[in-house]
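Below you'll find the structure, written out as structure tokens, and then a few comments.
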Amino acid sequence: MILYERSDESIQVVKVLAVHRQKIVIVRQFRRSMNEYTYELPGGRLENGEQPRAAALREMQEETGLKCSRLTELGTFIDSERRVAAGLYFTNEIVAEGPQSLEPDERIEVRLVGIEEAFSNVLHRRWRDPRLGVALILARSKGFLDRR
């Protein structure tokens, strides 16, 4: 794993750590490659010629039905094993709620989870996506998830 605050690496995937109603937006979906349900941040692959920020806004709305007005870049996570660069973003500015726009074969359940519960799920390996854990740590280190 390699982590950059900013990177010129070619980002192929985006993930959004969103706070809505003081909770973290998590998606639960079945991953055929793993043959199990996973808990992840909303996100996905960039479309041809698409900029990472635009992809993050699009994926957030498609997977969750939530439209955000602004994203803050957290960093770039590079999975050195799979050689995939993921742009990580943060938002707490949800401006509209609507229906999901999923592909016919997608089944994604949206969950709102307390911030400390999210950290606990990562710490105790109930959620195993490393990008989720890294995004939580980066967001907290930048003061976006201050404990109250």
- Message: Filter the range 83-131 down to the residues that are free of Cβ contacts under 8 Å to residues at least 40 places away in the same chain, among the hydroxyl-bearing types (Ser, Thr, Tyr) and touching a Cys at 6+ places or on another chain (Cβ under 8 Å) and list them by number.
- Response: none
- Task: Run down 63, 81, 36 and say which single residue is under 12 Å from the mean Cα position of the chain (by Cα) and among the acidic types (Asp, Glu).
- Result: 63
- Task: Identify, from the list 89, 37, the residue that is at pLDDT below 95, not hydrophobic (A, V, I, L, M, F, W, C) and not in a loop (DSSP other than H, G, I, E, B).
- Result: 37
- Message: Being among the aliphatic types (A, V, I, L, M), farther than 17 Å from residue 103 by Cα and touching a residue at least 24 places away in the same chain (Cβ under 8 Å) is the filter here; which residues of the range 22-45 pass it?
- Response: 24, 25, 26, 41
- Note on the structure: Among residues of the range 92-140 being closer than 20 Å to residue 47 by Cα and polar (S, T, N, Q), the residue modelled with the lowest pLDDT is 101
- Item | Single residue of 110, 122 found to be of a type in the set (A, V, I, L, M, F, W, C), in a helix (DSSP H, G or I) and in contact with a helix residue (DSSP H, G or I) (Cβ under 6 Å, 6 or more places away or on another chain) | 122
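Can we say residue 59 is within 13 Å of residue 130 (Cα to Cα) and outside any strand (DSSP E or B)?
no
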- residue 107 is checked against (1) in contact with a strand residue (DSSP E or B) (Cβ under 8 Å, 6 or more places away or on another chain); (2) within 15 Å of residue 27 (Cα to Cα); (3) surrounded by 14 or more Cβ atoms within 10 Å (Cβ to Cβ) and fails just one. What number does that condition carry? (3)
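Going by the conditions given, is residue 15 among the basic types (Lys, Arg), under 13 Å from the mean Cα position of the chain (by Cα) and under 26 Å from residue 141 (Cβ atoms)?
Yes: the conditions hold for residue 15.
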- Can you pull out the residues in the range 23-56 that are farther than 16 Å from residue 129 by Cβ, surrounded by fewer than 19 Cβ atoms within 10 Å (Cβ to Cβ) and of a type in the set (A, V, I, L, M, F, W, C)? 54
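The values are calculated or read from the model by the stated rules, or taken from the named source; none is laboratory data. Keep in mind the model is a prediction, meaning the values are calculated, not measured. Neighbour counts are summed over all protein chains in view; Cβ atoms, including those assigned to glycine, are modelled from backbone coordinates with ideal geometry.
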